[in-house]
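Engineer: The structure under discussion is supplied below as structure tokens; questions concerning it will follow.
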Amino acid sequence: MGSFVLASSSPRRRELLGQLGLTFDVEAADLDESPQPGERAAAYVERLAREKATAVRARRPGAVVLAADTSVVVDDELLGKPGTDAALGTAMLRRLSGRTHQVLTGVAVAGPTLRSLVVSSDVAFRPLSDAQIAWYVSTGEGADKAGGYASQARAGAFIRALTGSATSVIGLPLDEAVRLLEEAGVRMPWSVG
């Protein structure tokens, strides 16, 4: 097997894979991530993961390429990343306050074949006060995160319950990613022989 490449610039995905002791290169795909008209959320995250994996694999023939895309969905609407728009970050957190929303992560591995899947997790937020929302937005932590929050950091204080894959909510469902990587021939640190 050739090299293993993570097609993402996400430090969270790098950290999750690194915790497993895997050695890999990082090469972002840099694609247009606009949803297509009428595209459902699950189809959107899976399409993006597949496109990212395919784009990087085209530049790295022989490599096994892992890509992922994570979106937050509430009321059947995708919540993107608020960036530095504090009003948008505030509006997102108000929508999530006191409710359960879905976090969908599409994962794709391009190797000898292209395999992909979608993992859905439910995240229940406690009701948030205006002061809590303003404080969180002021930290800037959620600016580059889907839905405007990071479950593994300060926003963990807002999460009442999480059903599904905690690592998927962070950005990469490790169970499913490892299975796809093993099927593509990537050797895991715990492999014998």
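Engineer: Taking the convex hull of the Cα atoms, report for segment 23-75 its projected area averaged over all directions, in nm².
Structural biologist: 4.5
Engineer: Now, a different point. Quote the relative contact order of segment 1-138 in percent (integer), defining contacts as alpha-carbon pairs under 8 Å separated by 6+ residues.
Structural biologist: It rounds to 24 percent for segment 1-138.
Engineer: Compute the distance from the alpha-carbon center of segment 102-121 to that of segment 130-179, in whole Å.
Structural biologist: 19
Engineer: At 1.4 Å probe size, with every protein chain present, just tell me what the per residue accessible area of the chain comes to in Å².
Structural biologist: Value for the chain: 47 Å² per residue.
Engineer: What trypsin sites (Lys or Arg not before Pro) does segment 77-109 have in DSSP loop regions with at most 15 other beta carbons within 10 Å?
Structural biologist: R99
Engineer: What is the sum of charges, Lys and Arg at +1 and Asp and Glu at -1, for the other residues whose Cβ falls under 13 Å from the Cβ of R57?
Structural biologist: Once all neighbours under 13 Å are counted, the net charge is +2.
Engineer: Averaged over all directions, how much area does the convex hull of the C-alpha atoms of segment 125-164 cover when projected, in nm²?
Structural biologist: Its Cα hull, projected and averaged over all orientations, spans 2.9 nm².
Engineer: Cα convex hull of segment 66-163: mean projected area in nm², to one decimal?
Structural biologist: Projected area, direction-averaged: 6.4 nm².
Engineer: What is the Rg over Rh value, at two decimals, for segment 38-122, using alpha-carbon atoms and the Kirkwood definition of Rh?
Structural biologist: Ratio of gyration radius to Kirkwood radius for segment 38-122: 1.09.
Engineer: Then there is this: Want the number for A131 to D75: 0.36 nm per residue separation, take away the alpha-carbon distance, what's left?
Structural biologist: 17.7 nm
Engineer: On the accessible surface of the chain, probed at 1.4 Å, how many percent belong to carbon and sulfur atoms?
Structural biologist: 51
The values are calculated or read from the model by the stated rules, or taken from the named source; none is laboratory data. Note that this is a predicted model, so its numbers are computed, not measured. All Cβ positions, even for glycine, are placed from backbone atoms using ideal geometry, and neighbour counts span all protein chains on display. Surface accessibility is based on the protein's heavy atoms, side chains included, excluding ligands, DNA and RNA. Shrake-Rupley method; radii C 1.70, N 1.55, O 1.52, S 1.80 Å.
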